[in-house]
Amino acid sequence: MSALPRLDYLTRVLPPSVLNAAMVSFDAMVLQSVIRKLQLPSPLSDEAQSLLRLPIRMGGCGIRSLLSVAPAAYFGAVAIAAPFILNTINLFIHAPPEDASPSLSSASSSSPPPPPSPLSFPLALTLLYSLPISRHLSDCITNLKQVGIPPSSPLLPPNTPDFWVLYGNGKRGLQKRLSQIIHTLSYDDLRLKTRDPLAKAQFIACGVKHSGSWLNTVPSSPELFLMDAHFALAVRLRLVSHLKRSSLLNVSVELFSRLILLTSYHASFLSVL
């Protein structure tokens with residue numbers, strides 16, 4: 001996962017259309033690594049994949065799909081940079097021509113030059129709309145609507161020019177808020193698709209506060225350490241209700257055998273203490 005922070009950074013500075021092929025490939029490699037490391041059935045069902053990618057606080061495993069968060073990441077990054085982009089365009093439009101030479105009176109004056117006059121907003125929108133960044137923002141707005149962000153949401157402008165009106169002064173935290181909406185929609189969809197009462201109860205229980213704390217715990221002492229086999233067992237128990245029926249029996253048998261080993265391991269560990 002050492003490449004994840006770098007790709008997270010790239011999703012904020014490059015438009016999703018540029019990274020699309022790389023993100024699809026990276027998501028697929030991460031999923032295959034998880035399946036191989038945790039010995040999950042392959043191919044993994046769509047429901048199990050959705051559960052893997054949900055946040056831990058929602059009963060998932062926190063293995064995000066970069067492809068799904070990229071539009072929100074880029075959208076949020078441009079919103080933060082919006083005032084600097086507007087200021088750059090302002091300075092560019094009001095810059096003196098290259099062949100203009102300072103007059104004698106201005107050269108002898110010690111006072112600083114006056115600041116550029118504010119850029120008229122219609123002119124700013126016209127120039128901004130002609131830049132590639134506006135086209136990429138338009139794609140992000142379309143993608144965010146497609147994944148379920150309501151068009152009436154106050155976070156989402158109806159079109160690209162309105163983006164600069166809404167976020168011209170800058171806005172932080174947009175990526176987090178948009179991602180929360182996307183994750184909530186995915187959680188609600190997965191809960192509705194889960195028909196079996198026991199599976200639904202397990203899914204809801206995994207989202208109870210602190211039920212997934214073990215996934216975030218740093219093994220800073222021996223009692224907080226989990227062996228690879230035991231970690232895989234815990235993750236598979238978290239996913240077992242959303243595995244395909246064809247592989248559920250084999251997984252359950254192996255989980256039961258590993259549970260016996262886990263119980264004996266903890267019993268021997270406590271006896272040593």
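For the stretch 27-34, backbone phi angles converted through the Karplus equation (6.51, -1.76, 1.60; θ = phi - 60°) give residue-by-residue couplings of 4, 5, 5, 5, 5, 5, 5, 5 Hz, Gly and Pro being listed as x. 3J(HN,Hα) along the stretch 149-160, derived from phi through the Karplus expression 6.51 cos²θ - 1.76 cosθ + 1.60 where θ = phi - 60°, amounts to 5, x, x, 7, 4, x, 7, 10, x, x, 8, 5 Hz, with x in place of Gly and Pro.
Karplus-derived 3J(HN,Hα) values for the stretch 52-64, using 6.51 cos²θ - 1.76 cosθ + 1.60 with θ = phi - 60°, are 4, 8, 6, x, 4, 5, 9, x, x, 10, x, 8, 6 Hz; glycine and proline are entered as x.
Quick note: the coordinates plus some simple rules give every number you see, no bench work behind them. In this text the structure is predicted, and so the values were computed from the model without any measurement.
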